[in-house]
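Worksheet for the structure shown next.
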Amino acid sequence: MPADQPPTVPPLDQIYGDFDLSTVPAFAGGFINFGYWADAPAGRPLTEADRIATEQELYRLVLRSFGPTEGRDAAEVGCGLGLGSALALREYGFGSVTGLDVHPDQVERARQRNADARAAYPGRLDYRRGAAERMPLPDASVDCLFSVEAAQHFPDVPGFAREAARVLRAGGRLALTTFFATGQEAARALPGLLPTYADGLDLAHVADEVAAALAAAGLSDVRIRAIGESVWAAYDRYLDQVPELRDLWPRRFLTAYEKGLLDYYVLTADRPADS
């Protein structure tokens with residue numbers, strides 16, 4: 001193909017289905033996220049162990065948003081291989097964690113990959129097929145709802161927001177993290193730079209519009225924080241140190257960040273205690 005032609009990316013149902021994104025070296029470790037690199041070492045080459053640690057740290061960054069978690073019920077939207085749901089249960093003492101994913105292959109992988117954790121915590125770790133805008137959960141059934149690098153795939157953000165408000169108990173909290181466009185003009189520019197947007201794998205949701213959708217659904221105290229300075233540069237440095245990763249399309253995310261087209265965010269919102 002021409003040198004200036006961006007590479008193609010498999011559609012959503014393939015990249016998390018037969019393709020299995022977790023097998024791509026750029027996403028080694030099974031958590032399938034770009035990572036939170038705030039504490040990554042700066043004075044030596046980055047290792048794959050460092051890379052995996054950053055993926056886990058991104059989950060911890062989100063889970064710390066909930067405050068006390070012991071004995072509370074949680075659900076993860078877009079759980080992928082389910083390693084983050086298992087980490088949440090193991091490290092944060094939730095009473096139960098339910099991982100939801102729209103792709104049946106991922107749900108089956110999650111059940112297999114976390115069989116030991118499910119046996120160690122009988123009845124407390126479950127994986128189910130379910131879309132962000134149609135969660136297979138009862139009304140007011142969870143205290144903590146979280147999502148890590150999945151919301152950029154959600155086709156219906158207002159629908160997700162309404163479902164979050166429905167399944168959260170009064171006083172419960174939603175916490176999510178992922179990358180979003182910085183504005184409408186940026187959203188229109190992203191497909192020209194990143195093949196994941198051009199091919200429809202990622203959707204160019206605008207950060208402030210996602211926050212507005214949460215508020216419109218009845219959630220309160222919606223907060224949004226940009227954390228891109230602790231994601232993109234160090235992740236790109238890691239890619240640059242691994243020969244087989246140096247020319248992959250994930251390196252274009254740093255360019256998009258430096259151009260001001262996207263950033264990485266943490267959003268939190270609460271279900272009012274009196275609702």
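The values are calculated or read from the model by the stated rules, or taken from the named source; none is laboratory data. This structure is a prediction, so every number in the text was calculated from the model and none was measured. Note that we place each Cβ from the backbone using ideal geometry, even for glycine, and neighbour counts take in every protein chain shown. Accessible surface is based on the protein model in full, side chains and every heavy atom, while ligands, DNA and RNA are left aside. Shrake-Rupley method; radii C 1.70, N 1.55, O 1.52, S 1.80 Å.
Grab the alpha carbons of the chain, take their convex hull, and tell me the volume per residue in Å³.
Given the Cα convex hull of the chain, per-residue volume reads 122 Å³.
So how tilted is helix 83-92 from the main axis of the chain? Cα-based, degrees 0 to 90, rounded to 10.
The answer is roughly 50 degrees.
Enumerate the calculated ³J(HN,Hα) couplings along the stretch 42-56 in order (Karplus 6.51 cos²θ - 1.76 cosθ + 1.60, θ = phi - 60°), each rounded to whole Hz, writing x wherever the residue is Gly or Pro.
9, x, 8, x, 7, 9, 5, 4, 4, 4, 5, 4, 5, 5, 5
Counting other Cβ atoms within 10 Å of each Cβ, which GluC sites (Glu not before Pro) in the stretch 190-275 have at most 12 and sit in a DSSP loop?
Of the GluC sites (Glu not before Pro), not one in the loops of the stretch 190-275 has a Cβ with at most 12 other Cβ atoms within 10 Å.
Please turn the phi angles of the stretch 184-196 into ³J(HN,Hα) values with the Karplus equation 6.51 cos²θ - 1.76 cosθ + 1.60 (θ = phi - 60°), one per residue in order, whole Hz, x for glycine and proline.
Using θ = phi - 60°, the values come out as 5, 5, 5, 4, 6, 7, 4, x, x, 10, 10, x, 5 Hz.
Report, to the nearest 10°, how far helix 232-241 tilts away from the longest principal axis of the Cα atoms in the chain, using its own Cα long axis and a range of 0 to 90°.
50 degrees
Work out Dmax and Rg for the stretch 134-222 from the C-alpha atoms and quote the Rg first, both in angstrom.
13.9, 43
Indicate, rounded to the nearest 5 percent, the antiparallel portion of the DSSP beta bridges found entirely in the chain.
Once the DSSP bridges in the chain are tallied, antiparallel ones form about 45 percent.
Where only protein heavy atoms count, and the probe is 1.4 Å, what is the accessible area per residue for the chain in Å²?
Computed with neighbouring chains in place, this is 42 Å² per residue.
Give me the percent of accessible area attributable to carbon and sulfur for the chain, probe 1.4 angstrom.
The value for the chain is 49 percent carbon and sulfur by accessible area.
Please work out the C-alpha center-to-center distance from the stretch 125-144 to the stretch 40-106 and express it in whole Å.
Value for the Cα centre distance between the two parts: 17 Å.
Using only helices, what value at 222 nm comes out for the chain when you add -39,500 (n - 2.57) per DSSP H run of length 4 or more and divide by the total residues, to the nearest 500 deg cm²/dmol?
Computed mean residue ellipticity for the chain: -9500 deg cm²/dmol.
Between the alpha-carbon centers of the stretch 239-275 and the stretch 152-208, tell me the distance in whole angstrom.
Going from one Cα centre to the other spans 12 Å.
Round to the nearest 10 and give me the degree value, 0 to 90, for the angle of helix 104-113's Cα axis relative to the longest principal axis of the chain.
Long axis of 104-113 versus the principal axis of the chain: about 80 degrees.
Amide H of D202: which non-local residues (sequence gap of 5 or more, or other chain) have their own amide H closer than 5 Å, using H built in the peptide plane?
Result for D202 returns Y197.
Using every alpha carbon pair in the stretch 145-275, what percent of pairs falls into each 5 Å bin from 0 up to the bin containing the largest distance?
Bins of 5 Å from zero give 2, 11, 19, 21, 17, 12, 8, 5, 3, 1, 0 percent of pairs.
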